[in-house]
1. Relative to the longest principal axis of the C-alpha atoms of chain B, give the angle of the C-alpha long axis of helix B:263-291, reported between 0 and 90° and rounded to the nearest 10°.
2. Nearest 500 deg cm²/dmol is fine: what mean residue ellipticity at 222 nm does chain B get from its DSSP H runs of n ≥ 4 alone, each adding -39,500 (n - 2.57), divided by its residue count?
3. Report, to two decimal places, the Cα Rg of the stretch B:63-153 normalised by 2.2 N^0.38 Å (N = number of residues).
4. By DSSP, what percent of the beta bridges with both residues in the stretch A:94-233 are antiparallel, rounded to the nearest 5?
5. When we measure straight from the Cα of residue B:248, which lysines land under 28 angstrom away, once same-chain ones fewer than 8 places off are left out?
6. Mind giving me the FRET efficiency for residue B:89 and residue B:13? R0 is 41 Å, r the Cβ-Cβ distance, nearest 0.05 is fine.
7. Between residue B:181 and residue B:228, how many nm apart are label points set 7 Å from Cα along the C-beta direction?
8. Say the cut-off is 19 Å between C-alpha atoms; which of A:104/A:141; A:38/A:84; A:193/B:200 go over it?
Amino acid sequence: MVGLGSSSHEVMASLVDVSKIYANGSCGLDRVNLTIYKGDFLFVTGASGAGKSTLLKMLYGAEKPTTGTVEVQGTIVNSLTGAKLAHLRRRMGVVFQDYQLIPKRTVEENIAVVLKAQGFDRAEVRKRIAPTLQMVGLASKEKCFPEELSGGEQQRVSIARAIVHEPPLLLADEPTGNLDVHNAWMILQILKKLNHLGVTVVVTCHNEQLIKTFAKRVVRVEAGIMRELTPAL
Amino acid sequence: MIRRFTTQSDYLLREALIGLWRGGWMNWAAISTLTALLFLLGLGLQVSTQLDGALAKLGSQLEISVYLQPKVRAIALEPKLRSLPDVLQVQSIPKEVAWEALQKELGVQGDISESLGGNPLVDTLRVQVARPTVVAHLAQQIQSLQGVESVNYGSEAAERLGSLQKALGWAALTLASILGISTVAVITTTIRLIVLSRRKEIEVLQLVGATPLRIAIPFVLEGFALGLLGTGFAWGLLLVTGSFVEQKRQEFLPFLAPEPIHLPLGLILLGTGTGLGVIGSLLAVRSALREN
């Protein structure tokens with residue numbers, strides 16, 4: 001693990017000459033080159049439809065590049081499917097704008113599902129849930145169902161689920177997109193705290209104000225073309 | 001290794017149970033559909049077996065009477081008849097025995113054969129046949145044997161029984177096929193609905209690093225459990241119906257032998273029910289995994 005909150009020169013993930021052309025001919029990404037270092041807190045910004053989510057999806061293997069190479073933690077993601085892709089995803093956490101919580105499961109169960117799906121035993125699952133919920137400020141909500149929580153709380157559950165297995169890489173796709181300023185601020189504080197604990201964080205966000213307040217490193221995507229706004233350390 | 005196995009089994013079984021518990025009415029839709037179709041399938045098979053048994057019993061009572069030429073003795077022809085295919089039993093009736101029985105039946109006092117110029121009867125053989133469908137053919141075969149004067153059998157009844165049995169066999173096969181196809185279609189659609197309602201869960205599991213096998217197994221176990229429950233209910237209904245039919249049989253058709261519902265039918269239904277549940281789940285979850 002890298003030093004607290006600081007980037008190293010060890011590469012966590014990289015995109016080399018990555019392009020994505022969809023079946024209808026539209027361009028999602030155009031020859032993108034990006035290196036993410038261990039310990040980075042990287043913001044990916046740009047207008048809606050610019051290609052931010054596509055870039056993130058490439059990193060967790062939900063989209064395949066048309067050309068170029070995507071590498072995460074030493075594994076080429078391009079052609080991964082099935083169990084191999086599942087094993088790579090165990091080394092990362094993903095947070096979504098729409099939270100993606102399972103409606104009929106309690107907060108505790110929503111978080112436990114990650115650990116159980118990865119083969120952790122019951123004792124280990126129990127041991128990990130309470131501190132994770134405490135970390136996102138939801139210690140008293142473990143028995144609640146998602147519908148009983150506010151948007152901000154649901155997003156915090158989503159973060160808890162993404163970090164409970166202690167992944168070295170956290171990908172957050174517009175985690176503040178559906179939240180008011182107060183909740184958005186709280187979410188970014190949690191992500192910052194995680195980064196301080198050594199987690200590499202990649203966040204897509206279109207709110208320039210928030211980015212200015214938190215950013216260490218920012219890249220902008222416009223019509224599939226990526227530009228570095230602040231240089232990597 | 002053992003701990004890993006128990007942890008995995010514990011997780012998969014719990015997931016399957018939670019799925020069943022929270023599946024709500026859709027589980028009941030699947031179970032009731034399976035129950036209804038398995039019940040009809042079981043009923044079809046049971047009725048077919050019952051009629052088959054009854055017809056076989058009637059058929060076995062069919063016999064061919066073989067009348068020999070005056071100087072030929074039954075005992076000489078008996079081994080030949082025994083060696084023919086589909087012959088169950090052969091009974092020789094010497095003309096002396098038949099004559100004596102006839103006189104007794106007619107109430108004749110003393111021996112009247114002298115006044116008739118001797119015993120007018122011939123030796124007879126009674127041949128019991130295994131299947132009604134072969135009676136006519138066998139009778140022809142016997143007729144062509146040397147020493148046989150004539151043969152007599154209930155040709156029309158035998159042929160009718162044979163063709164009825166054949167028609168029933170086809171009807172049972174057609175019914176079983178139609179019900180089988182319907183069951184596969186209905187159960188796959190129902191379980192697909194269950195999977196669709198949990199599509200989000202599948203999507204989340206994929207994103208958090210669950211392997212496709214780990215996602216699929218709880219659904220397959222659920223399908224198995226649904227099949228098991230469906231079979232249980234269908235079996236119960238069949239037993240109730242069976243005892244009702246048995247009561248009516250004793251009232252209206254006491255001459256027919258009872259045909260209880262046997263365990264093999266239960267095993268056929270169990271295999272079909274759980275098999276359909278598992279296949280339906282696999283098909284449904286496979287397409288959901290592909291979609292995500």
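1. Its long axis makes an angle of about 30 degrees.
2. After summing the helix terms and dividing by residue count, I get -25500 deg cm²/dmol.
3. 1.19
4. So the antiparallel bridges in the stretch A:94-233 amount to around 35 percent.
5. B:57, B:166
6. 0.10
7. Placing both labels 7 Å along Cα→Cβ, they lie 3.2 nm apart.
8. Correct reply: A:38/A:84; A:193/B:200.
Every number in this text was worked out from the coordinates using simple rules, so none of it is lab data. The structure presented is a predicted model; accordingly, all values stated were derived computationally and were not measured. Quick reminder, even Gly has a Cβ in these numbers, built from the backbone with ideal geometry, and neighbours come from all protein chains shown.
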